[in-house]
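Everything on this sheet refers to the single structure shown next.
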Amino acid sequence: MRTTTAMAAAPAPTSTSESGSASTSASASASTPAPARTPAHSTARTAAPASRWLRELGSVTDPRIRLVCFPHAGGAASFFRAWPDRLDRDTQVVAVRYPGREDRITDPLITSMDRLAEPLTEALAPLMDRPVAFFGHSMGASVAYEVACRLAASGRPAPVRLLVSGRAAPHRLSRTPLVGEGDDALIADVRRRGGPLTAALDDPDLLDLVLPAIRSDYRLVDDYAARARLRVLDTDVTAYYGDADPDVPAASMLAWGDVSPGRFDARCFAGDHFYLVPRAAELAGDIAERLRTARSTGTPAGPAPRRP
């Protein structure tokens, strides 16, 4: 792994097609040991007052900071279910619940970024009463960015840090031809890019459950790539990526520096598009350290509570 601080924009676009499972977690211990949580923190519940759009993973009574996690295309909130145990005890982890999967399986799928980002912005607004960081992987990085832009444009508090993973910057996206292809081509692309539950593609029952959400999300990212534009944010931005990602080269990740000039850095991990599964320990450790030093209204965050 290596850490890169960069401001350079990418010279060329990158593909926006994505793949992933509907419900897999990245699990491992953080490289920087985080305080262990009590058993009570293993209970997942919907985060009040954000209704059906958000799920609190674990339970933190008085969080110092919140980390909102946005899943990849075809992904779901449960992908992040192990994350609370990798972070400090005062960090509340909240996962976004996209419609059409898991406990929202009967809700209509969404193929428009506007129709996804707008209700998420409203759902998250009440949780911005304290420092909040956004983490998004692949499609989730674009969704996190759009929600952050909407919060800032409306004059409401924006995230103190935007953590983007495995996704080109908005002005470096290109469209994918897979949207118009049949199921076989879509399934082949999911296999090519890998992911936690590619084995589910061999099970007809599981395939029936995950394929509609994957196809819907592919349409969303394709449509978004045609409309996305660069907007500068007044927040710290960190980009994470795998050194062997076939579709998201380093240059397209470093282009996120244009979103927040002077407040950007990046870290590269060994791995492909889903590097964050085998490298969960290192990624969680890096995120935990950044959240400890997150700033709100120019004031450094206090020290993280430690187990006696």
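The values are calculated or read from the model by the stated rules, or taken from the named source; none is laboratory data. Every value quoted in this text rests on a predicted model; they were computed, and no experiment measured them. Note: ideal-geometry Cβ built from the backbone for every residue, glycine included; neighbour counts use all protein chains shown. Side chains are part of the model used for accessible areas, which takes the heavy atoms of the whole protein and leaves out ligands, DNA and RNA. Shrake-Rupley method; radii C 1.70, N 1.55, O 1.52, S 1.80 Å.
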_Kindly evaluate residue 192 against the criterion of being touching a residue at least 12 places away in the same chain (Cβ under 8 Å) and either assigned to a helix (DSSP H, G or I) or more than 25 Å from residue 134 (Cβ to Cβ) (or both)._
yes
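Any residue that is assigned to a helix (DSSP H, G or I) and either open to solvent by 30 Å² or more (accessible area, probe 1.4 Å) or among the charged types (D, E, K, R) (or both) - is there at least one of those in region 231-250?
Looking for residues that are assigned to a helix (DSSP H, G or I) and either open to solvent by 30 Å² or more (accessible area, probe 1.4 Å) or among the charged types (D, E, K, R) (or both), one finds at least one in region 231-250, hence yes.
What number of residues in region 88-137 are among the β-branched types (Val, Ile, Thr), in contact with a strand residue (DSSP E or B) (Cβ under 6 Å, 6 or more places away or on another chain) and open to solvent by 10 Å² or more (accessible area, probe 1.4 Å)?
Total meeting the criteria: 0.
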*Taking region 195-205, which residues are open to solvent by 30 Å² or more (accessible area, probe 1.4 Å), part of a helix (DSSP H, G or I) and within 22 Å of residue 278 (Cβ to Cβ)?*
198, 199, 202
_Contacts under 9 angstrom Cβ, first residue in region 128-147 being more than 17 Å from residue 75 (Cβ to Cβ), partner open to solvent by 10 Å² or more (accessible area, probe 1.4 Å) and in a helix (DSSP H, G or I), 6 or more apart_ = 133/290
*asked:* Being over 14 Å from residue 291 (Cα atoms) and open to solvent by less than 20 Å² (accessible area, probe 1.4 Å) is the filter here; which residues of region 76-87 pass it?
replied: 76, 77, 78, 79, 80, 82
*asked:* Just checking, does region 282-303 include any residue being among the hydroxyl-bearing types (Ser, Thr, Tyr) and modelled with pLDDT of 95 or more?
replied: no
*Kindly indicate which of 210, 221 is β-branched (Val, Ile, Thr), under 14 Å from residue 138 (Cα atoms) and buried (at least 19 other Cβ atoms within 10 Å of the Cβ).*
221
_For region 138-163, give me the residue count where each residue is outside any loop (DSSP other than H, G, I, E, B), open to solvent by less than 20 Å² (accessible area, probe 1.4 Å) and either within 21 Å of residue 292 (Cα to Cα) or among the small types (Gly, Ala, Ser) (or both)._
7
*Give me the pairs: first residue in region 158-169 and free of Cβ contacts under 8 Å to residues at least 24 places away in the same chain and under 16 Å from residue 235 (Cβ atoms), second residue surrounded by 24 or more Cβ atoms within 10 Å (Cβ to Cβ) and of a type outside the set (Phe, Trp, Tyr), beta-carbon distance under 9 Å, and six or more apart or on different chains, which are they?*
none
_Condition first: closer than 16 Å to residue 172 by Cβ, modelled with pLDDT under 95 and among the charged types (D, E, K, R). Now tell me which residues in region 240-281 satisfy that._
247
_residue 135 - would you say it is of a type in the set (Phe, Trp, Tyr), within 26 Å of residue 207 (Cβ to Cβ) and modelled with pLDDT of 95 or more?_
no
*Selected residue (only one of 107, 114 is of a type in the set (Asp, Glu), at pLDDT 95 or above and outside any helix (DSSP H, G or I))*: 107
